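Worksheet for the structure shown next.
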């Protein structure tokens, strides 16, 4: 098996069909199959039925291939480039093992604090990380891996609902304070942002809003469990140029079959959905006219920039 096929499938246990990957990466299925068979750029996960499935690692790799093509590399040159990057990354991981161990200790410390409902311990670990590293590094190396690990614990019944609420309240306050004190001098495209009806998981929405603000967007947040029928009026009053929704949980069937289609008909701005629900309900979303941003914050921001340029007026 070539080096590019050894993607760490444990980084995201979800697997997606080729049509979902094609929409997320803007690479059609015929091209994806050619990259796999003719150039050996990756190897999908295979079900017993023979159907190809792709992990988030595959999506990231395909996005990287698109970026290299945009820089002028020929498709025949890309395998060597990616092999070299993979070797360099392994070397870098070896050189920075001590740093990785430090972040693991931070993550383990915060998980222990959550289990003990110890806010002081949470604050100590989080504050220590912020004193040593910039916020974007803390987000990528601590908060996102921590949220993934806590999500895994709760899915496997290793953690309680009380733990989830305790940590969600703590982190929502921290991110809310950052959002409140963000610079308000941006004059980029204006985004209306909210969680889907019935979804009270605001953490991903706040993290994405902070990323979007840093990129130059002006953001208006409506928070959790937002009735979709109210959004067109808000767009009309504020002049927002897109509606960005967040979904951690799969929405109720009527949200997918009725509320989202009605929303896209009633507004003349793009409607986008990010978070795990945007991947799980991908095929349905395409029929409603809602654009899927995926579950990865950075890739979601890249897709947003493509659909709604930050300087759009």
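None of the figures in this text is laboratory data; all of them are computed from the coordinates on show. What you see is a predicted model; the values in this text were computed from it and never measured. A quick note on method: Cβ atoms are made from the backbone with ideal geometry, for glycine too, and the neighbour counts reach across all protein chains shown.
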Pseudo-spin-label distance residue 137 to residue 306, built 7 Å along Cα→Cβ, given in nm, is 3.1
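Highest mean first, what order results for 277-284, 141-148 on Cβ atoms within 10 Å? Don't skip to the end; give the middle numbers.
Numbers: 277-284: 19.9, 141-148: 18.0.
Averaged packing, sorted descending, gives the order 277-284, 141-148.
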For 296-306, 167-177, ranked highest to lowest by mean beta-carbon neighbours within 10 Å, the order is 296-306, 167-177
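So how many Å³ per residue does the convex hull of the Cα atoms of the range 145-197 work out to? Display every interim value, and only then the final one.
On the way: hull volume 6.6 nm³, N = 53.
Expressed per residue, the convex hull around the Cα atoms of the range 145-197 is 125 Å³.
Tell me what the chain gives for mean residue ellipticity at 222 nm when only DSSP H runs of n ≥ 4 count, each as -39,500 (n - 2.57), the sum divided by the residue total, rounded to 500 deg cm²/dmol. Provide the component values of the computation, followed by the final result.
Numbers: 15 runs with 173 residues, N = 313.
The per-residue figure over the chain is -17000 deg cm²/dmol.
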Per its Cα gyration tensor (rounded if a/c is under 1.5, else prolate when a/b beats b/c, else oblate), the range 198-282 is best filed as oblate
Taking alpha-carbon centroids only, the range 177-229 lies from the range 21-76 a number of Å equal to 31
Ordering 16-28, 125-137, 248-260, 193-205 by per-residue average of other C-beta atoms within 10 angstrom, highest first, gives 193-205, 16-28, 248-260, 125-137
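How many percent of all Cα-Cα pairs in the chain sit more than 31 Å apart? List each step's numbers first, then the result.
Numbers: 17760 of 48828 pairs.
It works out to 36 percent of all Cα pairs.
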From the Cα centre of the range 259-313 to that of the range 103-175, the distance in Å is 28
